[in-house]
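The values are calculated or read from the model by the stated rules, or taken from the named source; none is laboratory data. Since we're looking at a predicted model, the values are computed, not measured. As a convention, Cβ positions derive from the backbone with ideal geometry for all residues, glycine included, and neighbour counts pool all protein chains shown. Side chains included, ligands, DNA and RNA excluded: accessible areas come from the protein's heavy atoms. Shrake-Rupley method; radii C 1.70, N 1.55, O 1.52, S 1.80 Å.
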Amino acid sequence: MSQPMQETVIDRPAPAAGYLVALPLSEPDDAQRLLPLAQAIARHHGGRVLLVRVVQVPPDPPLSDGVLETRRARAELDELAGALAEAEPDAPPAVAITVAHTLAEGIRTTIQEQRADLLLLGWQDDRSSPERLFGPPIDALLRDPPCDVVVLRLGAEAAVPRVLLPVRNGPHTPLACDMALALANHHDAAITILYAHDPRRPDDLTVRESLQSLRSLPRVNRWLERAMPAEQAILAEAADHQLIVLGVTGRRTDPEAPIGPLAERILRLSSAAVALVCRRMAPAEAQAQQIWQQQRDLSATVDRWFAENTFTSAEFRNIQRLVELKRQRGLTISLALPALNEAATVGEVIGRSQQALMHDAPLLDEIVLIDSRSTDRTREIAAEHGIPVFIHQDILPQYGSFSGKGEALWKSLYVLKGDIVVWVDTDITNFHPRFIYGLLGPLLREPRLVYSKGFYRRPLRVGETVVGTGGGRVTELTARPLLNLFYPELSGVVQPLSGEYAVRREAIEWVPFFTGYGVETGMLLDLLEYHGLGALAQVDLQQRIHRNQDLLSLSKMAFAIIQVVMQRMEERRRVQLVEPVNQAMKLIQHAADGGFHLEVREIRDHERPPMASIPEYRRLRGLPPTLGNSWRGPRGS
């Protein structure tokens, strides 16, 4: 006879009436750590606790092999339940023992049979496995919850005087409010409600109004509104609170992920206790929510983005108007020029930028050269124009230094002062100020935007002949096909690898940087993840002429970009690689005599952490001194 996947012990009581909180006891100390909190939640609803023990039998033997272990488990639970009944006779706990091949299957069966209302799971942070936050059974139970689920990570502090409740009026908000109140009653704690919003987006105003009723919740004594990204706001307040109650958050980029990226980063970066709540939705509601999160018609969404968020530099030729917008919004702007042996072109780039955007109109507050130890006169030419010159290897030397443009950009954030940062390459032979004011225009005109990326026509020089198009070969043959395949929401970005872009500091300081060829790709993917497609813009800068690289260099660039995309996809659980990505590339080298040979090169972008996680930067910018469990360092190092 075929053996069922799990089998429930028959001699247990019938499902309990009233609100039932299921507490699996899989670890020896679960009862001591979690039982008081399970009782507090049950008491809050006038219900009781269901103690759950799953006896696991390996996949091959029949479940009947678990009979002896089931007897031992029954005796242990009966003894525990008896002691608890004496301590709390009005709400004695129920007991359920299930035999199953996996812990998740056993818990799910018990929840269904006992009709439990809430499942409380304990989780201890395992920093030895940075690539996986939970693992079984929590992943499976959050992906497809059998009832409402609370995953609780306890903090180091026993006392909990303050509970932080971030709200966004999402599907998990009612459960989060309910759990915050139950746990606050247990700890005799006060509740702070935190609403992090973007006032530049009209839908946020509607959300805020709908949340006003939460002010009257018992134990709420603070209502905080912060005009900043939710992650930044929560981490800033976490230091003053001992418990954070948070929904699993949106999972629009990966519906199969057990939790959203915001919740995952809070768990990784904050040292406070966290109660992560997931409300079980009815099938129709869950389907509607998934459709909403995935933006039901992605093609239409991208088409709309392309129409609304694609600009041309000609729209912003009135530089005085941009200066007035800058003044009205109280912003400062920095232009950073990364350079390596660009003596032939750097003077023209600096001179024209200074004249048009500082002397004629004060659009820029500073122009800074970020040099990578040029061996020609690049630095001398910049100094002759009177602008600050930094060598990227000498910035924050205590953190070492890597070669690559991305490393120079990352370190430039430490020395630049502006609220908006513009990066423009210095190898442009047809430079025009539109490369700068064109990028700034969208950010100054549309406060909802955080990032503005340039695109242009790129002539290709073949011998003495210049072809009007044909540049951007890595873009068309590698980057755009990869994005269309794996990140279709970015399929409308014309030139994802362009080297000219402007970004708000408040956004970019929280983004990690790849140190080499992958910096533009990584930045684009992370800003999409953190801020959404609607916060990104692109600008037609007309034509850009620069020296074209040979195919060997382009091959290395493509190899690095593919690595970055694969790394981000694996981190976002879009793919799972069986083996680590290869970082050595065999390049075919051709000799003058017509022969050729293979040459092995390691092509690898290191990853720098968000600049906002660096203590020196935090002190310089007046940010709170710590982030709890801070970033663990460059992933590529």
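Observations on the structure shown:
- Nonlocal amide H pairs with Ala196, under 5 Å, H built at 1.01 Å: Val167, Arg226
- Placing R0 at 51 angstrom, the Cβ-Cβ distance between Met358 and His186 gives a FRET efficiency of 0.25 after rounding to 0.05.
- When +1 charges are put on Lys and Arg Cβ atoms and -1 charges on Asp and Glu Cβ atoms, the dipole computed for segment 289-441 relative to its Cα centre reaches about 360 debye.
- Legend: calculated FRET efficiency, Leu68 to Met566, from the Cβ-Cβ distance at R0 = 35 Å, rounded to 0.05, equals 0.15.
- Taking amide H as placed 1.01 Å from N in the peptide plane, Ala537 has its amide H under 5 Å from the amide H of Tyr451, Ser452, Lys453, each at least 5 places away in sequence or on another chain.
- Gained length - Ser299 relative to Arg215, 0.36 nm times residue gap less alpha-carbon distance: 26.3 nm
- Shown in residue order for segment 209-216 are the 3J(HN,Hα) couplings computed by the Karplus curve 6.51 cos²θ - 1.76 cosθ + 1.60 at θ = phi - 60°: 5, 5, 9, 4, 5, 5, 4, 8 Hz (x for Gly and Pro).
- Cα→Cβ-extended label distance, 7 Å offset, between Gln328 and Met281, nm: 3.8 nm
- Label-point separation, Leu554 to Arg222 (7 Å along Cα→Cβ), nm: 5.6 nm
- Highest average first, the peptides 242-248, 44-50 ordered by how many other beta carbon atoms sit within 10 Å of their residues are 242-248, 44-50.
- Straight-distance crosslink candidates among lysines, where the alpha carbon sits under 28 Å from Lys326 and sequence neighbours closer than 8 are dropped: Lys411, Lys417, Lys453
- The fraction of accessible area contributed by carbon and sulfur in segment 373-419 is 53 percent, rounded to a whole number (1.4 Å probe; ligands and nucleic acids excluded).
- Note on Asn169 and Glu446: their simple-model spin labels are 2.3 nm apart, each label 7 Å out from Cα toward Cβ.
- Compared with the alpha-carbon gap, the fully stretched path from Tyr399 to Glu88 is longer by 106.3 nm at 0.36 nm per residue.
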